[in-house]
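A.B. asks: After the structure tokens below, expect a handful of questions from me.
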Amino acid sequence: MRVRFHGAAGEVTGSMHEVEAAGRRLLLDCGMIQGDRHAEARNVADFPFPLQGLDALVVSHAHIDHIGRVPLLVRRGFKGPIYAQAATADLMPIMLLDSASLAEQDAERDNAHRRPGEPEVQPLYTRDDVDAAMRLVKPLPYDTRTTVFPGIDLVFHDAGHILGSSIVELHADDRTLVFSGDLGPKGTPILRDPETVTHADLVLMESTYGDRNHKDRAETISELGDIFEAAWRDKGNVCIPAFAVGRSQELLYWFAMHWDDWQLSRWQIFLDSPMAAKVSAVYARHQGLFDTDAQRVWKQRPDPFHLPNLRMTRTRDESMAINRIQSGAIILAGSGMANGGRILHHFMQNISRRESHVVFVGYQAEGTLGRRLVNGAPWVRIHGRDFRVNAKVHTVGGLSAHADQRGLMEWYGGFEDHPPLVLVHGEDKGREALAGEIGERDGIEVQLARPGMVIEA
């Protein structure tokens, strides 16, 4: 079994790993590279492997950095099966159609400003490409061993990261490869904890937060309540860039749990993301994947997706109307790294106001507007205009959907005999710290994946 690394090998976006086994070639994830314009331009490049003879694609979960180039793969000739956990299969068209729509809008905007003689800009892919890709998707349940080709079996285990997120277990040639996908922390609301896997001949593990441990979740929730109280005193709005899958649903969960404590009835709450509204409906359809606490919350408390003062805005006019509100609004909107989407329009109205608050509740990749704000940029450029950052910017790290260093070490520690370990999906600072900790504890040499690197199991 041979693995060649192509993406998320020294960064946290563009997940893509090629596996050769039993005479077949499979791809693990086909994610989009996210960040600044230079990083995103890499998405247009040829794939670093021949599409001819690529037999199947296996996706770990529905975040764009893991599935964002799937329609492009199909557009360029891939015709094999795409295996995904059933809930992931339901989320994929929502995420990819939104991505295609943004790509088409970007191309339209660029073409409107192109100079005479410049070639017309084409979108990375279109909604028709998404439809073609979805026709290849084969949904699979958790914890069921499926023969995908003679001599190759596949098992999905719950990764606890977002709904449908999977640890991928691949069996071939009497060898077992385990790819963690993105692992969630234990105790995350709504989702079950990541499953423990005990046997592998090679482990590929994410390392997003390999150099740090998260704040205690209870402390984090208390911090959120304090921010809302301060914003109410300041008579401002609260803008929360939130990923449509996972983070938005978790925040609504906490709103329901702390409805009285945080006096949320006095606020207007907006989920300003048509995609997040659709995703929430998928979550509601898959309540059987929730943990026992979440199932109890959905029965006993106000339904987190139907809070009395929650408005899920779908149209552009509804979104624009929010900007007329000067105070008392909690606005959840994409994108989670503030590198596009409706949150930018809310920033344009609020980020220069001293009474406003901006709350980041997830990882901010290098090159994104979110990272610049978290790093304390005094000025930011949004849609060609410069804005002074007067709003109070908060980073609430304890809500991460990724396991921290302690959680990653614990998950790898569940394997018998300390199998060879390769770290993916992490910047070098985090990967090096995690490699050092695991190497010292378990007495093994941990490898850091690099683009083009090949390893055999």
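The values are calculated or read from the model by the stated rules, or taken from the named source; none is laboratory data. Predicted, not measured: the structure shown is a model, and the values here were computed from it. Reconstructed Cβ throughout: ideal geometry from the backbone, glycine too, with neighbour counts over all protein chains shown.
A.B. asks: Going by the structure shown, is GLU366 under 17 Å from the mean Cα position of the chain (by Cα), surrounded by fewer than 19 Cβ atoms within 10 Å (Cβ to Cβ), within 19 Å of ASP65 (Cα to Cα) and outside the structural domain of ASP193 (by TED's automatic domain parsing)?
C.D. replies: For GLU366, the condition - under 17 Å from the mean Cα position of the chain (by Cα), surrounded by fewer than 19 Cβ atoms within 10 Å (Cβ to Cβ), within 19 Å of ASP65 (Cα to Cα) and outside the structural domain of ASP193 (by TED's automatic domain parsing) - is met.
A.B. asks: What number of residues within segment 189-204 satisfy the criterion of being crowded, with 23+ Cβ neighbours inside 10 Å and under 18 Å from HIS286 (Cα atoms)?
C.D. replies: 3
A.B. asks: Next up: Count, please, the residues in segment 243-262 that happen to be in contact (Cβ under 8 Å) with a residue 24 or more places away in the chain and over 19 Å from the mean Cα position of the chain (by Cα).
C.D. replies: Total satisfying the criteria: 8.
A.B. asks: Scan segment 282-292 and give yes if some residue there is assigned to a helix (DSSP H, G or I), in contact (Cβ under 8 Å) with a residue 12 or more places away in the chain and touching an Asp or Glu at 6+ places or on another chain (Cβ under 6 Å), otherwise no.
C.D. replies: Within segment 282-292 (the criterion being assigned to a helix (DSSP H, G or I), in contact (Cβ under 8 Å) with a residue 12 or more places away in the chain and touching an Asp or Glu at 6+ places or on another chain (Cβ under 6 Å)), the answer is yes, since at least one residue qualifies.
A.B. asks: While we're looking at this one, here's another question. Across segment 316-346, what is the number of residues that are among the polar types (S, T, N, Q) and under 28 Å from ARG37 (Cα atoms)?
C.D. replies: Qualifying residue count for the region: 4.
A.B. asks: Among the residues of segment 35-42, are any at pLDDT 95 or above, under 17 Å from the mean Cα position of the chain (by Cα) and under 22 Å from ALA276 (Cα atoms)?
C.D. replies: no
A.B. asks: Check off (1) farther than 27 Å from MET453 by Cα; (2) surrounded by fewer than 19 Cβ atoms within 10 Å (Cβ to Cβ) for ARG342 and give me the number that stays unchecked.
C.D. replies: (2)
A.B. asks: Let me ask something additional. Restricting attention to segment 231-250, and to residues there that are hydrophobic (A, V, I, L, M, F, W, C) and not in a helix (DSSP H, G or I), which single residue is farthest from ILE351 (Cα to Cα)?
C.D. replies: The qualifying residue farthest from ILE351 (Cα to Cα) is VAL245.
A.B. asks: Mind telling me which of the residues LEU91, LEU102 ends up being at negative phi, surrounded by fewer than 19 Cβ atoms within 10 Å (Cβ to Cβ) and either part of a helix (DSSP H, G or I) or in contact with a Pro (Cβ under 7 Å, 6 or more places away or on another chain) (or both)?
C.D. replies: LEU102
A.B. asks: From the residues in segment 223-262 that are in contact with a Gly (Cβ under 9 Å, 6 or more places away or on another chain) and basic (Lys, Arg), which one is farthest from LEU91 (Cα to Cα)?
C.D. replies: LYS235
A.B. asks: Considering only segment 360-382, I want to know if a residue exists there that is more than 19 Å from PRO194 (Cα to Cα), of a type in the set (Phe, Trp, Tyr) and in contact (Cβ under 8 Å) with a residue 24 or more places away in the chain.
C.D. replies: Yes, segment 360-382 contains a residue that is more than 19 Å from PRO194 (Cα to Cα), of a type in the set (Phe, Trp, Tyr) and in contact (Cβ under 8 Å) with a residue 24 or more places away in the chain.
A.B. asks: When you scan segment 322-332, do you find a residue that is part of a helix (DSSP H, G or I) and surrounded by 14 or more Cβ atoms within 10 Å (Cβ to Cβ), even just one?
C.D. replies: Yes, segment 322-332 contains at least one residue that is part of a helix (DSSP H, G or I) and surrounded by 14 or more Cβ atoms within 10 Å (Cβ to Cβ).
A.B. asks: May I ask you to list the residues in segment 412-457 that are under 20 Å from GLU366 (Cβ atoms), touching a strand residue (DSSP E or B) at 6+ places or on another chain (Cβ under 9 Å) and in a loop (DSSP other than H, G, I, E, B)?
C.D. replies: Selection gives HIS425, GLY426, ALA449, ARG450, PRO451.
A.B. asks: So which residues in segment 144-163 are outside any strand (DSSP E or B), out of contact with any Asp or Glu (no Cβ under 6 Å at 6 or more places or on another chain) and touching a residue at least 40 places away in the same chain (Cβ under 8 Å), if there are any at all?
C.D. replies: PRO150, GLY151, ALA159, ILE162, LEU163
A.B. asks: Of all residues in segment 186-211, how many are in a loop (DSSP other than H, G, I, E, B) and either at pLDDT 95 or above or under 17 Å from HIS17 (Cα atoms) (or both)?
C.D. replies: Of the residues in that region, 14 qualify.
A.B. asks: To continue, here is another question. Out of all the residues in segment 363-411, which are modelled with pLDDT under 90 and either in a helix (DSSP H, G or I) or in contact with a Phe, Trp or Tyr (Cβ under 6 Å, 6 or more places away or on another chain) (or both)?
C.D. replies: GLY397, GLY398, LEU399
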